[in-house]
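Q: My structure is below; once you've seen it, I'll send some questions.
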Amino acid sequence: MAIKRTDGRSLTELRPMIAKVGVIPNADGSAIFSFGDTVAIAAVYGPKQLHPQHMQDPATGILRCTYDLLSFSVHDRKKPGPSRRSQEISKVTEWALSPALDLQGFPNQVVDVQIYVIQADAGTRTAGINAASMALAHAGLPMKDLICSVACGKLDKDIVVDLNKDEEDFKDGEGATDFPLAKFATSDEFTLMQLDGKIQPERVKEVIEAATEACKEIYEVQKKALKEVVKH
Ligand code: CDP
């Protein structure tokens with residue numbers, strides 16, 4: 001028998017999503033994206049000259065992402081400032097987004113993306129990637145596609161999408177497996193796959209299928225938010 005999810009969702013059901021672009025007027029592009037109680041905000045600055053100079057690439061501009069959880073975003077106040085976790089997530093966010101960007105027209109320059117999680121209930125890296133992808137599009141940078149991201153996983157024996165924090169901490173049976181993914185919105189090219197926990201190799205295909213379906217819904221939400229700005 002399938003397990004009952006802590007918030008009553010079906011196995012393939014995402015939390016309610018909210019997305020809006022243009023939320024930080026001073027940024028070149030910005031967006032907010034939420035999965036239920038997980039809320040991420042992203043701001044894009046650039047392209048601008050990259051310093052220090054030895055990091056410049058004369059062949060292309062580069063993407064630099066900075067992710068952090070704000071102190072008040074979690075129940076036990078988080079110590080401000082970077083951590084090993086935030087450095088790791090900043091790096092994988094860069095890797096998840098870079099394949100969709102074409103910065104060849106901006107040699108020696110950098111595009112900075114700042115991502116802050118203002119409320120966390122698991123899935124913050126994926127909400128951050130969704131917000132950042134929209135913010136990059138809002139900034140008008142050349143993109144091959146939007147990037148959509150969701151954490152799928154396994155609760156005991158069931159494949160589920162968009163785990164919340166209670167589910168990530170699930171201990172019964174086989175426990176919880178957290179499997180964050182990101183992909184191009186309109187093709188099957190994945191740009192992020194991480195795994196925290198255990199899963200049978202033959203079940204990975206099920207996770208990828210569930211993520212692909214979930215990303216179609218995420219893409220619709222992102223597109224709708226971007227079209228809202230075009231209208232104004
Ligand atoms: O957020 P995400 O699932 O991408 O990454 P994680 O490292 O697996 O963190 C899971 C969740 O743990 C976060 O979304 C927060 O809800 C929580 N967390 C926390 O309460 N305090 C921290 N310092 C870090 C994470």
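To keep it simple, each residue is scored yes or no on (1) within 22 Å of residue 190 (Cα to Cα); (2) at pLDDT 95 or above.
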residue	(1), (2)
39	no, yes
52	no, no
64	yes, yes
67	yes, yes
78	no, no
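Q: Every residue in segment 185-207 that is in a loop (DSSP other than H, G, I, E, B), within 18 Å of the chain's Cα centre (by Cα) and of a type in the set (Val, Ile, Thr), please.
A: 186
Q: From 205, 231, grab the single residue that is more than 19 Å from residue 100 (Cα to Cα) and either touching a Phe, Trp or Tyr at 6+ places or on another chain (Cβ under 7 Å) or at pLDDT 95 or above (or both).
A: Residue meeting the stated conditions: 205.
Q: Kindly provide the set of residues from segment 116-135 that are crowded, with 20+ Cβ neighbours inside 10 Å and more than 22 Å from residue 196 (Cα to Cα), ordered by number.
A: 131, 132, 133, 134, 135
Q: Please go through segment 157-179 and pick out each residue that is within 16 Å of the chain's Cα centre (by Cα) and among the β-branched types (Val, Ile, Thr).
A: Residue satisfying the conditions is 161 alone.
Q: Report the residue count in segment 13-42 for those that are part of a loop (DSSP other than H, G, I, E, B) and in contact with a helix residue (DSSP H, G or I) (Cβ under 6 Å, 6 or more places away or on another chain).
A: Count: 2.
Q: Looking at 4, 48, can you tell me which residue is surrounded by fewer than 16 Cβ atoms within 10 Å (Cβ to Cβ) and part of a strand (DSSP E or B)?
A: Of the residues listed, the single one that is surrounded by fewer than 16 Cβ atoms within 10 Å (Cβ to Cβ) and part of a strand (DSSP E or B) is 48.
Q: Taking the options 151, 182, 122, 210, name whichever one is in a helix (DSSP H, G or I) and either under 16 Å from the mean Cα position of the chain (by Cα) or away from the ligand (no atom under 15 Å from the Cβ) (or both).
A: Result of the check over 151, 182, 122, 210: 210.
Q: Provide a single number: the residues in segment 70-96 that are crowded, with 21+ Cβ neighbours inside 10 Å and within 18 Å of residue 24 (Cβ to Cβ).
A: Number of matching residues: 1.
Q: Of the conditions (1) more than 16 Å from the chain's Cα centre (by Cα); (2) not in a loop (DSSP other than H, G, I, E, B), residue 63 satisfies every one except a single condition; which number is it?
A: (1)
Q: For residue 104, only one of the following conditions fails: (1) within 12 Å of the ligand (Cβ to nearest atom); (2) in contact (Cβ under 8 Å) with a residue 24 or more places away in the chain. What is its number?
A: The number of the failed condition is (1).
Q: Would you pick out the residues in segment 154-174 that are within 14 Å of the ligand (Cβ to nearest atom) and either over 19 Å from residue 126 (Cβ atoms) or out of contact with any helix residue (DSSP H, G or I) (no Cβ under 9 Å at 6 or more places or on another chain) (or both)?
A: Answer for segment 154-174, where residues must be within 14 Å of the ligand (Cβ to nearest atom) and either over 19 Å from residue 126 (Cβ atoms) or out of contact with any helix residue (DSSP H, G or I) (no Cβ under 9 Å at 6 or more places or on another chain) (or both): 163, 164, 165, 166, 167, 168, 169, 170.
Q: Which condition number does residue 142 fail, the rest of (1) touching a residue at least 60 places away in the same chain (Cβ under 8 Å); (2) out of contact with any helix residue (DSSP H, G or I) (no Cβ under 9 Å at 6 or more places or on another chain); (3) away from the ligand (no atom under 12 Å from the Cβ); (4) within 22 Å of residue 227 (Cα to Cα) being met?
A: In the conditions (1) touching a residue at least 60 places away in the same chain (Cβ under 8 Å); (2) out of contact with any helix residue (DSSP H, G or I) (no Cβ under 9 Å at 6 or more places or on another chain); (3) away from the ligand (no atom under 12 Å from the Cβ); (4) within 22 Å of residue 227 (Cα to Cα), residue 142 misses (1) alone.
Q: Additional query: Residues to consider are 178, 156, 121; find the one that is over 15 Å from residue 222 (Cβ atoms) and out of contact with any strand residue (DSSP E or B) (no Cβ under 7 Å at 6 or more places or on another chain).
A: Of the residues listed, the single one that is over 15 Å from residue 222 (Cβ atoms) and out of contact with any strand residue (DSSP E or B) (no Cβ under 7 Å at 6 or more places or on another chain) is 156.
Q: When you go through 15, 5 one by one, which is the residue that is farther than 20 Å from residue 136 by Cα, modelled with pLDDT of 95 or more and basic (Lys, Arg)?
A: Result: 15 is the single residue among 15, 5 that is farther than 20 Å from residue 136 by Cα, modelled with pLDDT of 95 or more and basic (Lys, Arg).
The values are calculated or read from the model by the stated rules, or taken from the named source; none is laboratory data. Fair warning: this is a prediction, and the values are worked out from it, not measured in the lab. Heads up, the Cβs are rebuilt from the backbone with ideal geometry, glycines too, and the neighbour counts pull from every protein chain shown.
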